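Colleague: Below you will find the structure I want to go over with you.
The values are calculated or read from the model by the stated rules, or taken from the named source; none is laboratory data. Since we're looking at a predicted model, the values are computed, not measured. Here the Cβ positions follow ideal geometry from the backbone for every residue, glycine too, while neighbour counts run over all protein chains shown. In case anyone asks, the SASA skips ligands and DNA or RNA and just uses the protein heavy atoms, side chains included. Shrake-Rupley method; radii C 1.70, N 1.55, O 1.52, S 1.80 Å.
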Amino acid sequence: MAKAPETEHPVEAVGWAARDTTGELSPFKFSRRETGEHDVQFKVLYCGICHSDLHMVKNEWGFTQYPIVPGHEIVGVVIEVGSKVEKVKVGDKVGVGCLVGSCRSCDMCSQDLENYCPKQILTYSATYTDGTITYGGYSDLMVADEHFVIRWPENFPLDAGAPLLCAGITTYSPLRYFGLDKPGMHVGVVGLGGLGHVAVKFAKAFGAKVTVISTSESKKKEAIEKLGVDAFLFSRDPEQMQAAAGTMDGIIDTVSAVHPIIPLINLVKSQGKIIMVCAPEKPLELATFPLIVGRKSLSGSAIGGLKETQEMIDFAAKHNILADVEVIPIDYVNTAMERLLKSDVKYRFVIDIGNSLKSA
């Protein structure tokens, strides 16, 4: 007989959970495991709201386990460490992103690519090594193996830095892997939301020329004046799209709604790359001819390994790259989810857990 979430572990915890596909979140008592010898326990101070959280609370991807406590952009302060922990100490600021476990022995893990480990364990709504369900950062307390804990740079803001643990690494990793991280590269970013605005900031920091491609002409002023993009393409204007054909070295596509891909393929140069970092819930249509005639490629990329995530956070701190955030109390979370669905946020909600969630 499985134990109740409140009693399966010894450490009391509280969070906000969804119980069914309505995705409605409400207070939830559960428990965290004792701090093992390699574990770090920390008090959660802030947690970003990612578009994945929205998909997951409604089971739109089909693998949600209820009750679900979402949140994988988690930052806080260490309150206890296991006897063999070397990475951090009590009082340190830390982060946890999308992963809390992997096999640590496969080809991918040995290359610091835990994000592609077949046995990776997601930060929430996954089954941990002890058979219990993982709960995320919409909660007062986290316990994680030190390998999956990110050291937080000195004086780097926790609230505006939190979304980098998902949105940051999701865009930084493909820019680096696909060689779009060099001065003189021309990078297109599709969608100017939580992921897109961070992709712009990293690409600019790498010295690339950046064009935002969007269906919202209203975002042009902000993209150019506030984010400093070099050009803005209104993707519903065939003339603009035609004029930009064959000009980009690569495109990071951050749009999670179903959208046409062929117009994007036409924007990249021969041997150009389009990298998908979002997962629309319906399959996209793809004609292969536009890929073949220019030896173009369409790829995917998922977050990054722990080594690269630490590198990304350190790079962001050095270059002062932060998400643009709207900080909210936990009891606003359902309204925030509704607004996120309508893209009514510039550009990332972050929950002030430390000041708004009452502890157990």
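Colleague: Tell me, yes or no, whether segment 70-90 has at least one residue that is closer than 21 Å to Glu34 by Cβ, assigned to a loop (DSSP other than H, G, I, E, B) and under 17 Å from the mean Cα position of the chain (by Cα). Working first, answer last.
Modeller: Quick first cut of segment 70-90, residues closer than 21 Å to Glu34 by Cβ only: 74, 76-90.
Right, trim to assigned to a loop (DSSP other than H, G, I, E, B) and you get 82-90.
So of that shortlist, the ones also under 17 Å from the mean Cα position of the chain (by Cα) come out as none.
No, that holds for no residue.
Colleague: Quick check: is even one residue across segment 40-53 modelled with pLDDT under 95, closer than 19 Å to Thr134 by Cα, of a type outside the set (A, V, I, L, M, F, W, C) and open to solvent by less than 30 Å² (accessible area, probe 1.4 Å)?
Modeller: Yes: one or more hits.
Colleague: Give segment 244-259 a look and list any residue that's under 20 Å from Ser218 (Cα atoms) and either without any contact (Cβ under 8 Å) to a residue 24 or more places away in the chain or not hydrophobic (A, V, I, L, M, F, W, C) (or both), or say none.
Modeller: Result: Asp253, Thr254, Ser256, Ala257, His259.
Colleague: Given the structure, is Lys221 free of Cβ contacts under 8 Å to residues at least 12 places away in the same chain, charged (D, E, K, R), out of contact with any His (no Cβ under 8 Å at 6 or more places or on another chain) and open to solvent by 10 Å² or more (accessible area, probe 1.4 Å)? Show your work before the answer.
Modeller: Values: free of Cβ contacts under 8 Å to residues at least 12 places away in the same chain: yes; charged (D, E, K, R): yes; out of contact with any His (no Cβ under 8 Å at 6 or more places or on another chain): yes; open to solvent by 10 Å² or more (accessible area, probe 1.4 Å): yes.
Criteria met by Lys221.
Colleague: Follow-up question, since we're still on this one. If you take the residues in segment 124-142 that are part of a strand (DSSP E or B) and either of a type outside the set (A, V, I, L, M, F, W, C) or open to solvent by 10 Å² or more (accessible area, probe 1.4 Å) (or both), which one is nearest to Val85 (Cα to Cα)? Before the answer, list the steps.
Modeller: Here is the first cut: in segment 124-142, the residues part of a strand (DSSP E or B) are 127, 133, 139, 141-142.
Narrowing further to those that are either of a type outside the set (A, V, I, L, M, F, W, C) or open to solvent by 10 Å² or more (accessible area, probe 1.4 Å) (or both): 127, 133, 139, 141.
Details: Thr127: 23, Ile133: 24, Ser139: 23, Leu141: 18 Å.
Checked segment 124-142; the qualifying residue nearest to Val85 (Cα to Cα) is Leu141.
Colleague: Does Lys29 satisfy the criteria of being open to solvent by 40 Å² or more (accessible area, probe 1.4 Å), modelled with pLDDT of 95 or more, farther than 23 Å from Lys307 by Cα and in contact with a Ser or Thr (Cβ under 6 Å, 6 or more places away or on another chain)? If you could, list the steps in order and put the result at the bottom.
Modeller: Working: open to solvent by 40 Å² or more (accessible area, probe 1.4 Å): yes; modelled with pLDDT of 95 or more: yes; farther than 23 Å from Lys307 by Cα: yes; in contact with a Ser or Thr (Cβ under 6 Å, 6 or more places away or on another chain): no.
Here the answer is no, as Lys29 does not meet what is asked.
Colleague: Of all residues in segment 302-333, which are assigned to a helix (DSSP H, G or I) and open to solvent by less than 30 Å² (accessible area, probe 1.4 Å)?
Modeller: Within segment 302-333, Leu306, Thr309, Gln310, Met312, Ile313, Ala316, Ile330, Val333 meet the criteria.
Colleague: Which members of segment 98-123 meet the condition of being open to solvent by 10 Å² or more (accessible area, probe 1.4 Å) and part of a loop (DSSP other than H, G, I, E, B)?
Modeller: Passing the criteria: Cys98, Ser102, Cys103, Arg104, Ser105, Cys106, Gln111, Asp112, Leu113, Pro118, Lys119, Gln120.
Colleague: Just to check your reading of the model, which residue among Leu264, Leu298 is surrounded by 18 or more Cβ atoms within 10 Å (Cβ to Cβ) and in contact (Cβ under 8 Å) with a residue 40 or more places away in the chain?
Modeller: Leu264
Colleague: Further question on the same structure: Which fully enclosed helices (runs of 4 or more DSSP H) of segment 196-271 have 2 or more residues being under 26 Å from Leu341 (Cβ atoms)? Lay out the reasoning, then the answer.
Modeller: Values: elements: 220-225, 238-243, 262-267.
It comes to 220-225, 262-267.
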